[in-house]
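Working notes, beginning with the structure itself.
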Amino acid sequence: MDVDLRPVRRLRESAAARSALGPIMEAVCTSPAELSRLRVVCDWIQYKQNFRDAVVARPIADSDVEIAFDLRRCAGLGAADLSESVKQALAGAEAGPGVDLEPWRSGRDSSLWRFNALYWQALSHWEQATGREYEQSLPGGESDARNTEAARELILELFRIWDDLDARRALPEELYILELGVGNGNQARTWLDEFVQLDRRHGREYYHRLRYLMGDYSPHVLERARQAVAHHGTRVSALVVEATRPSVTLGFLSGKAFLVYISNVYDNLPTDELATIGGRTYLVQTQAYLTDDDAAAIAAQCGLDGQDLRPLIDRLLRIGPELLCESAPHHFAGPGDAVTFWRSIWTALRLRERYIPLEGLDSYQVSAGPAGQGLTGEILRPLLEAEGDVRMHVSNGAVASFTGTLPLLHPFGRVQCHDLFLTSSSQYRTGFYGPGKYDGSVVNWVNGPLLQLVASRRGFGVQFAPFRQRPGSNIVTLTAQARDLPWCCCRRPWWGPTPCRNGWSGSRPSTTSAGSASSTSPRSTRSRSRPRSRTRSWPASTSCPTVSCAATTTSTTSWPGSPASTSRSGPSPTTSTTTRPRSCGHCRRTRRLARNPGWGWAWPRTSGSPGR
């Protein structure tokens, strides 16, 4: 029998958690289960509203069984009640009593997410029934991401980038900022008001070039946010955006956004869970259901027969509460009654779980995409194999949203996201990270290391940092931006629409399925690499670097930002001195250097150097 105790910190801090362990082991050992095929898991589920009972059993393939305990709730059960809960859980592991709302499915396809989508589509009816806005149901009554100091710091960093680009005549006429998950508009209003004040002091009038786009899945939320920033007029636009497919609505923004600001969105997107048990990988399947007692109470409340409950719930998820009361007036007199029915179902909703073996990680699809561009489970292999027996979120919706957002960035743009991120896969062994139940919606912590791997494949770096403006908060800040920002030899970004001093003008290369940049020819790709040197800084120079080949046994290479000369010994290709400009390749003056093998030896022999 394997025993997995996950809430390490709680076991040290809580006497109630420690006191529950003895009765749990007593109940397990006296149960009729075969202990050699039993796996015991102890969690501390911090969400008071969740989808699990205090004791649940999960079949592992067709042989073993995992029985899971919530120490927080088990601490309040007596020994007799705990023993009875264990017996009931083991007896109903595969198909227990209750009203099933769906067949067995992977987590991202569960009807939980249909309830979640309905919440955002019919949010106005839910808020009218509860008498409070949705942010008041969050821990603390507001989002951690609304902060003036954080907005000021971000705006000043943008000013620094824009000033630098403007000095090189590479700043676009329109400066795009995108916010996804606008909430009630407080973040947008705080950010824009602070932008106006700082821009006046800065004196560059960036505000008149600013285009602030607000995107959200809920029309009700967007309308509220639009009213909050109405005093900024035409500088703000609102768009209905499907978070998992941002490029469908925002494709016009490709390569233009200097900032994509995301707050508390990824933790509310569909996700699967994978587990490694005994060296084998499993997919966690779920099944939503209502207990018999809850189903009988809800049916009696609405005057329904037991067999009519499931079809009515399915109709609610398809058409919403407003149309439901019109299609079933004998059950619901108005939208308020339909919302009451909806809230009762949500409160009583539970999940069964089971483990289904995967044939291989390459057979599992993390996210879909064009041919050859989807992600398979192979990207999870280093995370799963590094932790032994572990269960973790795949964060499918967050991965799809993140990969769809990266192409929107300007080469100097960044994604900044405040959310519930795990920053190490080892954290999954020490706590419970969802799913939890908010007031009408679902919350799951996000697999941060997976997002790092995905971004790395596409040439982006991801960093995590605590949310500094509120110490002790669970919110973590993710920042993603391009790892390398190539420059032309004349100190202009090679991608810009503004021609460089040597006359070249072009666009940023496209991104391949592996996430790397590709240009029109292999030679231009190689030529972006600059020679290795101890000094990485680039002085403001108006001339292209040059290479000299003389009729001696020593050749000299000159390059801005490196030592005055680098000597290399070797045979001289000619008896005369020839000076050739060595540029980034897009100034079109490196072609002769690349074609002439006699000059190639004078350059550092590194992979990707021009002339090699």
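How many residues are among the polar types (S, T, N, Q) and under 30 Å from residue 378 (Cβ atoms) when one looks only at the range 340-364?
Of the residues in the range 340-364, 1 are among the polar types (S, T, N, Q) and under 30 Å from residue 378 (Cβ atoms).
Restricting to the range 55-77, what's the tally of residues that are free of Cβ contacts under 8 Å to residues at least 60 places away in the same chain and in contact with a Pro (Cβ under 8 Å, 6 or more places away or on another chain)?
3
Pairs needed: first member in the range 8-26, more than 15 Å from residue 43 (Cβ to Cβ); second member anywhere, in a helix (DSSP H, G or I) and not hydroxyl-bearing (Ser, Thr, Tyr); C-beta distance under 8 Å; at least 6 residues apart or different chains.
Correct list of pairs: 23/74; 23/79; 23/82; 26/79.
Looking at the range 253-269, is at least one residue more than 23 Å from residue 481 (Cβ to Cβ) and crowded, with 18+ Cβ neighbours inside 10 Å?
Within the range 253-269, one or more residues are more than 23 Å from residue 481 (Cβ to Cβ) and crowded, with 18+ Cβ neighbours inside 10 Å.
Among the residues of the range 299-351 satisfying the criterion of being among the polar types (S, T, N, Q) and at pLDDT 90 or above, which is farthest from residue 289 (Cα to Cα)?
If we take residues in the range 299-351 being among the polar types (S, T, N, Q) and at pLDDT 90 or above, then 327 is farthest from residue 289 (Cα to Cα).
For the structure I just gave you, tell me whether residue 108 is in a helix (DSSP H, G or I), at pLDDT 90 or above and within 32 Å of the chain's Cα centre (by Cα).
Considered against the rule, which asks whether it is in a helix (DSSP H, G or I), at pLDDT 90 or above and within 32 Å of the chain's Cα centre (by Cα), residue 108 comes out as yes.
Exactly one condition in (1) part of a loop (DSSP other than H, G, I, E, B); (2) crowded, with 21+ Cβ neighbours inside 10 Å is false for residue 242; which is it?
For residue 242, the exception is condition (2).
Say we look at the range 444-475 and pick out the residues that are at pLDDT 95 or above and under 16 Å from residue 265 (Cα atoms); which of these is surrounded by the most Cβ atoms within 10 Å (Cβ to Cβ)?
447
Return the pair list, or none, for Cβ contacts closer than 7 Å from residues in the range 166-189 that are buried (at least 24 other Cβ atoms within 10 Å of the Cβ) to residues that are in a loop (DSSP other than H, G, I, E, B) and of a type in the set (Ser, Thr, Tyr), at least 6 apart or on different chains.
183/143
Of the residues 221, 248, which single one is without any contact (Cβ under 8 Å) to a residue 12 or more places away in the chain and assigned to a helix (DSSP H, G or I)?
The match here is 248.
Looking at 429, 414, 343, 352 in this structure, which one is under 26 Å from residue 44 (Cα atoms) and either among the acidic types (Asp, Glu) or assigned by TED's automatic domain parsing to the domain that holds residue 246 (or both)?
Just one listed residue meets the conditions, 429.
Name the residues in the range 115-124 that are within 20 Å of the chain's Cα centre (by Cα) and not aliphatic (A, V, I, L, M), would you?
116, 120
With a cut-off of at least 1 residues that are closer than 23 Å to residue 477 by Cα, name the strands (runs of 3 or more DSSP E) lying wholly within the range 325-438.
Answer list for the range 325-438: 390-393, 409-419.
Restricting attention to the range 33-57, report how many residues are part of a strand (DSSP E or B) and more than 30 Å from the chain's Cα centre (by Cα).
5
The values are calculated or read from the model by the stated rules, or taken from the named source; none is laboratory data. None of these values were measured; they are calculated from a predicted model. Reconstructed Cβ throughout: ideal geometry from the backbone, glycine too, with neighbour counts over all protein chains shown.
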